[in-house]
1. Considering segment 204-220 alone, what residues qualify as being of a type in the set (A, V, I, L, M) and modelled with pLDDT under 95?
2. Any residue in segment 191-220 that is touching a residue at least 12 places away in the same chain (Cβ under 8 Å) sitting within a Cβ distance under 9 Å of a residue that is open to solvent by 60 Å² or more (accessible area, probe 1.4 Å) and polar (S, T, N, Q)? List the pairs, counting only those 6 or more apart or interchain.
3. With respect to residue 188, determine if the residue is closer than 15 Å to residue 42 by Cα and touching a helix residue (DSSP H, G or I) at 6+ places or on another chain (Cβ under 9 Å).
4. State all residues of segment 212-231 that are surrounded by 15 or more Cβ atoms within 10 Å (Cβ to Cβ) and within 12 Å of residue 300 (Cα to Cα); if no residue qualifies, say none.
5. So if I check each of 60, 36, which one is open to solvent by 30 Å² or more (accessible area, probe 1.4 Å), among the basic types (Lys, Arg), under 35 Å from the mean Cα position of the chain (by Cα) and under 28 Å from residue 108 (Cα atoms)?
6. Is it true that residue 425 is open to solvent by 30 Å² or more (accessible area, probe 1.4 Å), in contact (Cβ under 8 Å) with a residue 24 or more places away in the chain and polar (S, T, N, Q)?
7. Which of the numbered conditions does residue 340 fail, given that it passes all the others? Conditions: (1) touching a Phe, Trp or Tyr at 6+ places or on another chain (Cβ under 7 Å); (2) at pLDDT 95 or above; (3) not β-branched (Val, Ile, Thr).
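The values are calculated or read from the model by the stated rules, or taken from the named source; none is laboratory data. What you are looking at is a predicted structure, and each value in this text was computed from that prediction instead of being measured. Cβ coordinates were reconstructed from backbone atoms using ideal geometry, including for glycine residues, and neighbour counts include every protein chain displayed. Remember, those area values only see protein heavy atoms, side chains included, never the ligands or the DNA or RNA. Shrake-Rupley method; radii C 1.70, N 1.55, O 1.52, S 1.80 Å.
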Amino acid sequence: MKRPLLFLALIPLTLWGIFALPDVLAANPEGPWAWRKSLIILSGLLALWWMSAGILLATRSPWLEQRFGGLDKLYRLHKNIGIGAGLLVFTHWMIEWLPKNLSKAGLITGPRGPRGPRGEPDAWIDLAKEVGEWAGYILLALVVVALVKRIPYRYFRWVHKAFGAVFLAGAFHGLMLMPTTFWQSPLGWLTAALAAAGVVPALLSLSNRIGRKRQHSAQIVSISQHDGKLLEMVCRPEKNWPGHKAGQFLFANFGSRGEGAHPFTIASAWNAQDGTLTLAIKALGDFTAQLPALIEAGQTITLEGPYGAFDFSPKIPVDRGNAAHQVWVAGGIGITPFLARLEQLAAAPAPTKATADLFYCTPNSAAGDFPEHLEALCDAAGVRLHRRQTDNTGPLTPQEVAATLRPDSTVWFCGPAAWGKALGQALRNSGLSRAAFHQEAFEFR
């Protein structure tokens, strides 16, 4: 789906414009105070739609993953929706709180004319207001925690899980305070339907059931440590593991208390007869740095997946998998999906091998001895290897990558996100179509 955030904003705005705005205009509002209540309701309506969409995306649904091009891209959208929902909740709160308090402080002129009657007290309405206020505070805190990457993943994980409860509170607040006139139009019923659809994933999240059907026990067969703070681990999943495509990833839970599962790209092709898969784990954070001391051969772990659509399969008409030319660009640990593809091609009959160019960039030769025998693996797979030690020869330029492109080429990138974004933009400026550039969006927070 193209421009999903714009789509998610336009639907409720259009419905509000059709079914609610005429009543607002009919009341002949004059001045900002007359519009304040309508803007409070509109911002709350948008926040509820975005919160509902965000929690639906968190279910790791195979259908949604396929629709949005892989779980990595689905989670990137989930993150952006979460940030947007936080901004909408903040806007909702500010429209309600700020003018009122500025008026009390005498900094702005209050509303003209006497205030209308308050009506009979309603315990449910009062409860909805109280619950919504606290849910808003917590949601804003969750967004901050999600954006501050210095906060360890385990704390982010537990705080983020509270979003299920925040959503339930926000849905209760929004539906209870929705104007009666909204329920007489599709605006109210569609909002209620979307909120109701979010209740199930909220409960699944709170009970730790998201992704459970795709979880499999596995045993660690061997562990190897390489230079460059890299851990190579071979696992044997139980027999019901569905297999994986080259380039996909999984979540691995090593049983560490409070840590939960972490995503890792699978660094080997699947061979049902061998029944093992390899994970290459770079020490990039507190947990991954401590991992060698926490695991041992023979230990049972939990794998969830496989996920992802970075699988070298046809995505556009000119991309014919084994027939078309592909250019692969890897930075550091970003080599892992390409290792799986190289193994797959090396084991295939010669006629099915794809023509590809692999650019593999590391800072220098001290970056580690992984992967071993890369040159031999590329030769067996029919892939041209271009190794680059950037400390010695400088960074890889878009012009060098563009020089290998053909009319039918597609580019597959896995490495630092900023580098991939810049490379993709430069190649598109040189004539590569947007659909021909594939990038692993491997940032979940």
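1. Scanning segment 204-220 gives 204, 206, 210.
2. Cβ pairs passing all conditions: 216/240; 217/300; 218/300; 219/300; 220/300.
3. Details: closer than 15 Å to residue 42 by Cα: yes; touching a helix residue (DSSP H, G or I) at 6+ places or on another chain (Cβ under 9 Å): yes.
Spelling it out, residue 188 is indeed closer than 15 Å to residue 42 by Cα and touching a helix residue (DSSP H, G or I) at 6+ places or on another chain (Cβ under 9 Å).
4. Within segment 212-231, 216, 218, 219, 220, 221 meet the criteria.
5. Among 60, 36, only 36 is open to solvent by 30 Å² or more (accessible area, probe 1.4 Å), among the basic types (Lys, Arg), under 35 Å from the mean Cα position of the chain (by Cα) and under 28 Å from residue 108 (Cα atoms).
6. no
7. Answer for residue 340: the failing condition is (1).
Condition check ((1) of a type in the set (Ser, Thr, Tyr); (2) within 23 Å of the chain's Cα centre (by Cα); (3) under 20 Å from residue 269 (Cα atoms); (4) at pLDDT below 95) across all residues:
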{"residue": "332", "(1), (2), (3), (4)": "no, yes, yes, yes"}
{"residue": "357", "(1), (2), (3), (4)": "no, no, yes, no"}
{"residue": "366", "(1), (2), (3), (4)": "no, no, no, yes"}
{"residue": "373", "(1), (2), (3), (4)": "no, no, yes, yes"}
{"residue": "395", "(1), (2), (3), (4)": "no, no, no, yes"}
{"residue": "406", "(1), (2), (3), (4)": "no, no, no, yes"}
{"residue": "423", "(1), (2), (3), (4)": "no, yes, no, no"}
{"residue": "443", "(1), (2), (3), (4)": "no, yes, no, yes"}
